Amino acid sequence: VFPAFKPVQIRQRFTIAKDGFFANEITFDEHTGTHLDAPIHFVADRPSADRLAPDRFFAPLAVVSIEARAAKDPDAVVTVDDVLAWERRHGRLPSGAFVAMHSGWDARIGDANRFLNKDAQGTMHAPGFSEEAARFLAQERDIVGAGVDTLSLDVASAQKFVAHLALLGAGKYAVELMANLATVPPAGATLIVGGPKHQGASGGPVRVFAVV
């Protein structure tokens with residue numbers, strides 16, 4: 001989880017031996033694990049997760065890889081040139097597409113210190129979308145949302161959440177902490193997001209599937 005949030009807490013409430021049935025109580029912040037950011041997460045007058053149209057959770061998936069750069073530079077970003085390079089290989093982004101950044105960061109998930117990647121001053125370092133790429137996708141292409149295999153759409157060292165504001169402010173949604181993007185093709189798969197729908201949700205944990 002992003003350091004501002006608490007880890008998932010699971011407490012057993014009922015047992016078969018005592019109560020005749022088994023059940024747990026789960027407490028977690030909305031932005032836990034693989035999760036969705038609704039537009040309202042950063043922009044007050046935008047939709048909450050439960051107000052997003054269900055058909056937006058089924059989308060052509062475009063995976064833009066910056067893995068080679070990210071392996072050398074943890075502050076690497078997806079640029080407009082990366083998106084245009086993807087289009088030269090695979091054609092213009094389809095209408096209603098979801099664009100995912102593959103940086104290879106999910107390989108670090110078993111080690112919290114490597115994943116957060118804090119420097120001596122406590123600043124985290126991990127890849128994300130540049131402001132220019134986020135604005136380009138939001139304004140020049142017809143996408144439903146964007147995703148990353150890191151904690152944040154923005155680079156982890158960002159002082160301002162410029163990519164979040166560009167995408168969520170345009171009514172798009174985000175999915176953070178995506179896994180296994182290396183196992184799906186850069187083009188041709190369909191993304192399915194099991195989105196949260198509790199009332200007024202700023203986001204929430206999601207199950208994400210790529211159908212090839």
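The values are calculated or read from the model by the stated rules, or taken from the named source; none is laboratory data. Keep in mind it's a predicted model, so treat the numbers as computed, not measured. Virtual Cβ from ideal backbone geometry, glycine too; neighbours counted across all protein chains shown. Ligands, DNA and RNA are stripped out before the accessible areas are found, and what is left, the full protein with its side chains, is counted by its heavy atoms. Shrake-Rupley method; radii C 1.70, N 1.55, O 1.52, S 1.80 Å.
Here are the numbers for the structure shown:
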{"read-out": "Whole-percent carbon and sulfur share, accessible surface of the chain, 1.4 Å", "value": "53"}
{"read-out": "At 0.890 mPa s and 25 °C, Stokes diffusion of the chain via Kirkwood alpha-carbon radius, µm² per second", "value": "139"}
{"read-out": "Heavy-atom accessible area per residue - segment 14-54, 1.4 Å, Å²", "value": "60"}
{"read-out": "Violating pairs (Cα-Cα greater than 23 angstrom) within the set Lys172/Lys197; Lys6/Lys172; Lys118/Lys172; Lys6/Lys118; Lys6/Lys72", "value": "Lys6/Lys172; Lys118/Lys172; Lys6/Lys72"}
{"read-out": "Which of His31, Val43, Phe58, positive extreme of dipole for segment 1-107 (C-beta unit charges)", "value": "Phe58"}
{"read-out": "Of Gly203, Phe129, Gly169, farthest towards positive along the dipole that unit charges on Lys, Arg, Asp, Glu beta carbons give the chain", "value": "Gly203"}
{"read-out": "Mean accessible surface per residue for segment 153-212, computed with a 1.4 Å probe while every protein chain stays in place, in Å²", "value": "46"}
{"read-out": "Sorted peptide list for 123-133, 70-80, 42-52, 21-31, criterion being average Cβ within 10 angstrom, highest first", "value": "123-133, 70-80, 42-52, 21-31"}
{"read-out": "Acute angle (nearest 10 degrees) that the helix 80-90 long axis makes with the longest principal axis of the chain, alpha-carbon atoms", "value": "90"}
{"read-out": "D_trans [Stokes-Einstein, Kirkwood Rh over alpha-carbon pairs] for segment 126-212, 10 °C, 1.306 mPa s, µm² s⁻¹", "value": "115"}
{"read-out": "Dipole magnitude (debye, nearest 20) for segment 64-175, charges at Cβ of Lys, Arg, Asp, Glu", "value": "100"}
